[in-house]
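Following: one structure in structure tokens, then a few remarks.
The values are calculated or read from the model by the stated rules, or taken from the named source; none is laboratory data. Every value quoted in this text rests on a predicted model; they were computed, and no experiment measured them. Cβ coordinates were reconstructed from backbone atoms using ideal geometry, including for glycine residues, and neighbour counts include every protein chain displayed. Keep in mind that these areas ignore ligands, DNA and RNA; they rest on the heavy atoms of the full protein, side chains included. Shrake-Rupley method; radii C 1.70, N 1.55, O 1.52, S 1.80 Å.
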Amino acid sequence: EGLYIEEKPGKNPFSAFSFSNQEKGKQLRAWLKEIKKFKNDDSVAGLIIDLNAVRAGFSKKQEMHDALKDFKDSGKKIIVYAKYGINNTDYYLVSMADEIYINNLTGIDLRGLAMEVTFYKEFLDTLSIVPEVFRVNIEGDSYKTAGDPFLESTATDQMKENYGQLLKYLYSEIVSGISEARSWTRDKTLNTIDNGPYSIKEDIITNDLITETMYPDEFEKYIED
């Protein structure tokens, strides 16, 4: 769980002058090296992952997914337990696991992707602030849309096209990753996502999303046994 960052976590030199308690985060590179170390350690038979919310961009989760897949492909086992259920990209993250268990009172929040953009133009208008944005455009149209939230009240066609292409790519990666990890056909993965999210135990197990549901104490006893 927690925040994963690129840089090495360190002390903020200005912390003495700040009232904020900034989270340091965990360095992704160190986590990846640890998984690789476990893969190459003959005394390690597998991983038991206690999964909570992993706060990382999709590119980071791709690297984490690939590292776990590489660990499993080495002949070792992965068992996952999610006390609070599993969301969209976190399911992609651990989809290669041999066994997946969730709390009886949770579900699998697999539903596809969405994107939200906040626009500031009308707020700036009330303050009589006019932003100055310089960008390339042809006959008034521009696909350089980074400044659009300050210039527009809603998404332009170009912005929708840009973000639509981005979401299409990310969604394709998620579908491919889950399909390969679960040994599903692409059609099965698409159909499973289209019918989500899942909150009923029978539906979750029937769709092969998890192995079984267990309360935390039941999972602890299962691992001990």
### Message
Checking the structure you have, find out if any residue of region 145-153 is aliphatic (A, V, I, L, M) and closer than 30 Å to Gly85 by Cβ.
### Response
no
### Message
Are there helices (runs of 4 or more DSSP H) fully within region 111-219 with at least 3 residues that are of a type in the set (Asp, Glu) and either touching a His at 6+ places or on another chain (Cβ under 9 Å) or under 25 Å from Gly57 (Cβ atoms) (or both)? List them.
### Response
157-182
### Summary
By residue number, the members of region 167-225 that are within 14 Å of Tyr91 (Cα to Cα) and surrounded by fewer than 13 Cβ atoms within 10 Å (Cβ to Cβ) are none
### Hits in region 19-50 (condition: under 26 Å from Leu166 (Cβ atoms) and either open to solvent by less than 40 Å² (accessible area, probe 1.4 Å) or touching a helix residue (DSSP H, G or I) at 6+ places or on another chain (Cβ under 8 Å) (or both))
Gly25, Leu28, Trp31, Leu32
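Of all residues being β-branched (Val, Ile, Thr) and surrounded by 14 or more Cβ atoms within 10 Å (Cβ to Cβ) in region 106-120, which is nearest to Asn87 (Cα to Cα)? Just the residue, please. Walk me through how you get there before you give the answer.
If we filter region 106-120 for residues that are β-branched (Val, Ile, Thr), which is where we start, we get 106, 108, 117-118.
Imposing the further condition that a residue be surrounded by 14 or more Cβ atoms within 10 Å (Cβ to Cβ) reduces the set to 106, 108.
Values: Thr106: 11, Ile108: 6 Å.
Only one residue fits best here, namely Ile108.
Test Phe123 against the criterion of being of a type outside the set (D, E, K, R), at pLDDT below 90, over 22 Å from Leu166 (Cβ atoms) and open to solvent by 100 Å² or more (accessible area, probe 1.4 Å), and give yes or no.
So Phe123 fails the test.
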### Message
Considering only residues that are of a type in the set (S, T, N, Q) and in contact with a helix residue (DSSP H, G or I) (Cβ under 7 Å, 6 or more places away or on another chain), which ones fall in region 105-127?
### Response
Thr118
### Task
Collect the residues in region 89-105 that are open to solvent by 30 Å² or more (accessible area, probe 1.4 Å) and touching a strand residue (DSSP E or B) at 6+ places or on another chain (Cβ under 7 Å), keeping them in residue-number order.
Asp98, Asn104
